[in-house]
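The values are calculated or read from the model by the stated rules, or taken from the named source; none is laboratory data. Only a predicted model underlies this, so the values are computations on that prediction, with no experimental measurement involved. Methodologically, a virtual Cβ is constructed for each residue, glycine included, from the backbone with ideal geometry; neighbour enumeration extends over all protein chains shown. We work out accessible area using only protein heavy atoms, side chains counted, and drop any ligands, DNA or RNA first. Shrake-Rupley method; radii C 1.70, N 1.55, O 1.52, S 1.80 Å.
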Amino acid sequence: MTEADRDAGLVRAVGLWGLSASIISMIVGAGIFAVPGVLAANLGPYAPLAFAVCAVIIGSIAVCFAEGGSRMPTSGGAYGYIEAAHGPFVGYVAGTLLWFSDALACASIAAALADVAVSLMPLPLRTGAHAAVIVIVIGGIAIVNIGGVSRGTRLVKLATVLKLIPLGIFIIAGTLAVHVTNFTHAATPNTVELGRALILAMFLFTGMETALCASGEVRNPARTIPRALIIAILAVTLLYVIVQFVAQGIVGSALAESTVPLADAMARVSPALRVLMLAGAALSMFGCISSDILGSPRILFAFARDGLLPSVLGRVHRRTHAPHIAILCYAAIAAGLAIAGNFAELAVLATLTVAVVYIAACAAAWDLSRRGIALAGAPLNFRRIGVAAVTGVIGMLVLIALAARIEILGLVAIMAVSAAIYLVQTRVSRLID
């Protein structure tokens, strides 16, 4: 399918601040309410440095996304220009990794939401309640989205507006309670701990690729996409460093033991603020899942429409015009993953999976730049795009190398299965033709 066909009928109405807000909303999901404790367990008071390192890497990748997006601002974002630069095979594998990484991320957040919910329950009830919370939340959001894209969008807008309020309260109230002594007496982290921390910190920076799937509806994309990415990455990095610093400064070494670190930090200030943080965390996680289920099933729908997945996934509800089968299928996959794993395990695999998409996107942006392809006016034309691409690729390769062997094998298996499916489908199509 050509870019013109893919974007036919769409209106370029998304401006700079709208796209910036969308990227920030996708990046700043529920992970920031759960990851600070895991980072503290691996790096202690050095945890804010993990965000600084990841910001450099993700900044280089963002430059490549900006370059590619300014040259080929088509629906599907990175998927569109990866396919254009590397061909349908790589495009298919990248698209598969994209939707599966979204499912893993959705599952990790649902598992974290269940952790928050059951933390308020008696111990004997927690195991059964954990799975029930996952099914109810994901299933409920799926039902809302089956009711139509307008309902799903309204749900996302409401959750997005509300989820940043608790973080603002956390920073304001927590800054006054920071103790400098909580940053001393730290052990030097080993390579395994550093790798784990960097992978989880990078998880908190993923999401821009999902927001940019709406590139076909961005106004003046050659200018808007790069600027929005710069604004979003700088704002998110500053927010994350401050939140980690405040949490460590309040709780100290005990932060490493916490599964609800921001709530436990606020408990040192006021019990009422702890409840507010738990509510805020739950709301943020709910909002992030809502955003994901609104967008990610459309990848399955698009694949089915293009003959790359069973045609049943390409069906549209007669009354609501929503891709109801794709939504139900995606929700079932995410719920199953959430019940089977925990937040950290799923977040790591989601990060590794999307890392491959980032590698392909960096290479694609550099290739499009060298070939001078630009479909929407003057592109960004970043002079050091080669340096940015190489930095992003090396950063992602190092990140993958730092993962555990079983996690790397899982990533390879996902890529191998998606490649095999594509090759089988194309061979069958040729025989039929």
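Taken together, 352, 309, 294 contain a single residue that is open to solvent by less than 20 Å² (accessible area, probe 1.4 Å) and out of contact with any Lys or Arg (no Cβ under 9 Å at 6 or more places or on another chain), which is 352.
Among the residues of region 136-166, those that are at pLDDT 85 or above and open to solvent by 80 Å² or more (accessible area, probe 1.4 Å) comprise 136, 143.
The residue that is most open to solvent (accessible area, probe 1.4 Å), among those in region 316-337 that are out of contact with any Phe, Trp or Tyr (no Cβ under 9 Å at 6 or more places or on another chain) and assigned to a loop (DSSP other than H, G, I, E, B), is 318. Of the residues making up region 258-280, at least one is modelled with pLDDT of 80 or more, of a type in the set (Gly, Ala, Ser) and not in a helix (DSSP H, G or I). For residue 391, the criteria (1) part of a helix (DSSP H, G or I); (2) touching a Gly at 6+ places or on another chain (Cβ under 7 Å) hold in every case but one, which is (2). Residue 245 meets each of the listed conditions (1) out of contact with any Pro (no Cβ under 8 Å at 6 or more places or on another chain); (2) open to solvent by 30 Å² or more (accessible area, probe 1.4 Å); (3) part of a helix (DSSP H, G or I); (4) not β-branched (Val, Ile, Thr) apart from (1).
Does residue 262 count as touching a residue at least 40 places away in the same chain (Cβ under 8 Å), surrounded by fewer than 23 Cβ atoms within 10 Å (Cβ to Cβ), on the phi < 0 side of the Ramachandran plot and in contact with a Leu (Cβ under 9 Å, 6 or more places away or on another chain)? Answer is no for this residue. Kindly indicate the residue of region 266-281 that is under 23 Å from residue 27 (Cβ atoms) and open to solvent by 30 Å² or more (accessible area, probe 1.4 Å) and also farthest from the chain's Cα centre (by Cα) among those meeting that condition. Step by step, filter region 266-281, then rank; the result is 276.
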